């Protein structure tokens with residue numbers, strides 16, 4: 001705890017190098033608003049698009065002042081997060097934070113709350129850094145983050161657990177594409193969807209209605225990842241379930257996405273707001289219970305911890321629920337599906353943030369105790 005006043009110091013890690021940088025900046029504001037200043041001391045740390053770590057000094061001042069916060073915190077692009085933090089990892093490890101921001105006493109960090117969506121944040125890379133630093137952090141560990149983020153590996157994990165998924169063809173950038181279209185037509189048909197294996201928020205995703213559009217869609221997806229997933233179009237409903245905790249994990253009531261376009265795109269999620277989010281989803285009791293059970297099974301198949309949003313396609317008269325993906329750092333604004341589903345399940349936004357911090361501390365204590373036993 002902070003030596004100054006007994007509050008827990010939370011390092012809110014946001015921004016990042018991925019295409020979801022701006023989404024992360026908005027998410028960080030929502031989490032900051034939910035942190036009770038009587039219980040927590042906030043240290044906002046931004047990662048710029050070039051990978052530079054900076055103290056978000058203006059964000060910290062605004063939060064401490066208790067006034068209205070901006071829609072998104074600055075992450076180094078506008079001069080409000082200029083204090084370079086070369087020693088921040090040492091600070092996370094429990095030493096005084098290097099190059100501390102003005103007015104800061106250099107107290108150690110108690111918990112890191114990463115809201116870095118996409119690669120270099122949600123994929124196990126930052127989680128590995130925090131493990132090396134020996135600091136508690138919110139969310140899944142290295143394995144769960146990496147497996148869930150990679151759509152190819154996640155499908156393999158789902159298959160091993162006996163969970164149904166949409167049919168897919170996998171392509172690696174740089175490999176021969178001469179037979180790719182024929183394979184897609186034989187195994188999937190059109191329309192189909194082309195996705196980067198490691199990306200979220202529907203970035204780099206294209207709907208392809210015929211052979212003529214396949215090459216361009218694969219090229220777009222390959223800008224974001226070396227591995228590309230080409231997936232059948234499922235004519236079904238889009239159902240999502242929020243999962244919280246670990247051993248046992250709990251599932252929220254399910255929600256439903258009604259896209260405003262052909263699929264739930266980035267614009268649908270963050271720009272024009274044309275999608276409808278139904279919480280809870282209009283499902284009968286048996287279907288709701290089944291999708292909640294499957295959500296926990298998918299969460300455990302990827303070895304996730306603490307939190308995730310599990311997305312499904314639902315074919316009521318066909319294959320039933322098909323696991324689409326597991327998001328270990330889901331959208332986290334108050335109107336995002338993850339916190340909305342927990343609110344519908346009886347846990348409001350601030351209480352949800354508190355619980356995630358508690359889970360981070362509990363996991364760290366378990367691992368510290370195990371490490372102590374190993375040294376005996």
Considering each of 309, 303 in turn, give the residue that is part of a loop (DSSP other than H, G, I, E, B) and touching a residue at least 60 places away in the same chain (Cβ under 8 Å). 303
Residue 277 meets each of (1) at pLDDT below 95; (2) assigned by TED's automatic domain parsing to the domain that holds residue 197; (3) assigned to a strand (DSSP E or B) with one exception, condition (2)
With the structure loaded, tell me whether residue 229 is under 14 Å from residue 168 (Cα atoms), in contact with a strand residue (DSSP E or B) (Cβ under 6 Å, 6 or more places away or on another chain), crowded, with 19+ Cβ neighbours inside 10 Å and without any contact (Cβ under 8 Å) to a residue 40 or more places away in the chain or whether it fails that test. no
When you go through 256, 238, 231, 250 one by one, which is the residue that is assigned to a strand (DSSP E or B), modelled with pLDDT of 95 or more and under 17 Å from residue 187 (Cβ atoms)? 231
Name the one entry in 310, 353, 326 that is buried (at least 22 other Cβ atoms within 10 Å of the Cβ), more than 22 Å from residue 142 (Cβ to Cβ) and either at pLDDT below 95 or touching a helix residue (DSSP H, G or I) at 6+ places or on another chain (Cβ under 7 Å) (or both). 353
Of the residues that make up segment 193-204, is at least one in a loop (DSSP other than H, G, I, E, B), over 20 Å from the mean Cα position of the chain (by Cα) and either more than 23 Å from residue 297 (Cβ to Cβ) or not assigned by TED's automatic domain parsing to the domain that holds residue 321 (or both)? no
So residue 167 passes all but one of these: (1) buried (at least 22 other Cβ atoms within 10 Å of the Cβ); (2) within 23 Å of residue 310 (Cα to Cα). Which condition number does it fail? (1)
Is segment 101-119 home to any residue that is over 23 Å from residue 34 (Cβ atoms), at pLDDT below 85 and in a strand (DSSP E or B)? no
Tell me whether segment 336-349 contains one or more residues that are touching a strand residue (DSSP E or B) at 6+ places or on another chain (Cβ under 8 Å), surrounded by fewer than 18 Cβ atoms within 10 Å (Cβ to Cβ) and modelled with pLDDT under 95. no
Selected residue (criterion: farthest from residue 322 (Cα to Cα)) from residues of segment 137-161 that are touching a helix residue (DSSP H, G or I) at 6+ places or on another chain (Cβ under 8 Å) and not in a helix (DSSP H, G or I): 137
Checking 131, 122 in turn, the sole residue that is part of a helix (DSSP H, G or I), within 18 Å of residue 360 (Cβ to Cβ), touching a helix residue (DSSP H, G or I) at 6+ places or on another chain (Cβ under 8 Å) and modelled with pLDDT of 50 or more turns out to be 131
Options 222, 181, 154; residue that is surrounded by 14 or more Cβ atoms within 10 Å (Cβ to Cβ) and in the same structural domain as residue 325 (by TED's automatic domain parsing): 154
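The values are calculated or read from the model by the stated rules, or taken from the named source; none is laboratory data. In this text the structure is predicted, and so the values were computed from the model without any measurement. Don't worry about glycine lacking a Cβ; one is built from the backbone with ideal geometry, like all the others, and counts go over all protein chains shown.
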